[in-house]
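Trainee: Submitted below is the structure of interest, expressed as structure tokens.
The values are calculated or read from the model by the stated rules, or taken from the named source; none is laboratory data. Small disclaimer: the values here were computed from a predicted structure and weren't measured. All Cβ positions, even for glycine, are placed from backbone atoms using ideal geometry, and neighbour counts span all protein chains on display.
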Amino acid sequence: MSSDTPTRDDLFDEANTHLAIGDFDTAVEGYRASVELDPLFFDGWHALGMSLMKLDRIKEAIGCGLQATTLRPNDLLAWTSLSQMYVQDHQIAEAEEAKGNARILSLGGRVDRNADS
């Protein structure tokens, strides 16, 4: 990789700057580019989902939120965010399930993503 090619973290940091000034469309582009470079980048998926939610692109946001919880099934913030996305999409049962996972984590428990399969 040449030195002028942005890294995953460069793209993420630049997207954070755009997010901070309210430029959600450009932030989404940056976060999307960061996860394209590293599909296992939890922070990128989480930030992409939250930015998409701000733009009312809820179905896309939920997909990102699900990816974040898949990458880190025991991340409290990921489940809380996913619950908010589901609420905004009027998927109340799914929101309650995600909220329940967040509650389990807040009490020191763990989430087993394979429990219902």
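Trainee: For the range 54-67, which residues satisfy the criterion of being touching a Gly at 6+ places or on another chain (Cβ under 9 Å), hydrophobic (A, V, I, L, M, F, W, C) and surrounded by fewer than 24 Cβ atoms within 10 Å (Cβ to Cβ)?
Mentor: Answer for the range 54-67, where residues must be touching a Gly at 6+ places or on another chain (Cβ under 9 Å), hydrophobic (A, V, I, L, M, F, W, C) and surrounded by fewer than 24 Cβ atoms within 10 Å (Cβ to Cβ): 62, 66.
Trainee: Name the residues in the range 5-21 that are of a type in the set (D, E, K, R) and either touching a helix residue (DSSP H, G or I) at 6+ places or on another chain (Cβ under 7 Å) or at pLDDT below 95 (or both), would you?
Mentor: Step one: filter the range 5-21 for residues of a type in the set (D, E, K, R), giving 8-10, 13-14.
Passing the criteria: 8, 14.
Trainee: If I filter the range 39-53 for residues that are surrounded by fewer than 17 Cβ atoms within 10 Å (Cβ to Cβ), of a type in the set (D, E, K, R) and without any contact (Cβ under 8 Å) to a residue 40 or more places away in the chain, do I get at least one hit? Break it down into steps so the answer makes sense when it comes.
Mentor: Of all residues in the range 39-53, those surrounded by fewer than 17 Cβ atoms within 10 Å (Cβ to Cβ) come to 39-40.
Adding the requirement that they be of a type in the set (D, E, K, R) leaves none.
No, the conditions are met nowhere in the range 39-53.
Trainee: Surrounded by fewer than 18 Cβ atoms within 10 Å (Cβ to Cβ) and polar (S, T, N, Q), is that true of residue 74? Reasoning before the result, please.
Mentor: Working: surrounded by fewer than 18 Cβ atoms within 10 Å (Cβ to Cβ): yes; polar (S, T, N, Q): yes.
Here the answer is yes, as residue 74 does meet what is asked.
Trainee: Is one or more of the residues making up the range 22-36 touching a Cys at 6+ places or on another chain (Cβ under 6 Å), at pLDDT 95 or above and under 19 Å from residue 72 (Cβ atoms)?
Mentor: No, the conditions are met nowhere in the range 22-36.
Trainee: Given the structure, is residue 99 at pLDDT 95 or above, assigned to a helix (DSSP H, G or I), of a type in the set (Lys, Arg) and loosely packed, with under 14 Cβ neighbours inside 10 Å?
Mentor: Numbers: at pLDDT 95 or above: yes; assigned to a helix (DSSP H, G or I): yes; of a type in the set (Lys, Arg): yes; loosely packed, with under 14 Cβ neighbours inside 10 Å: no.
No.
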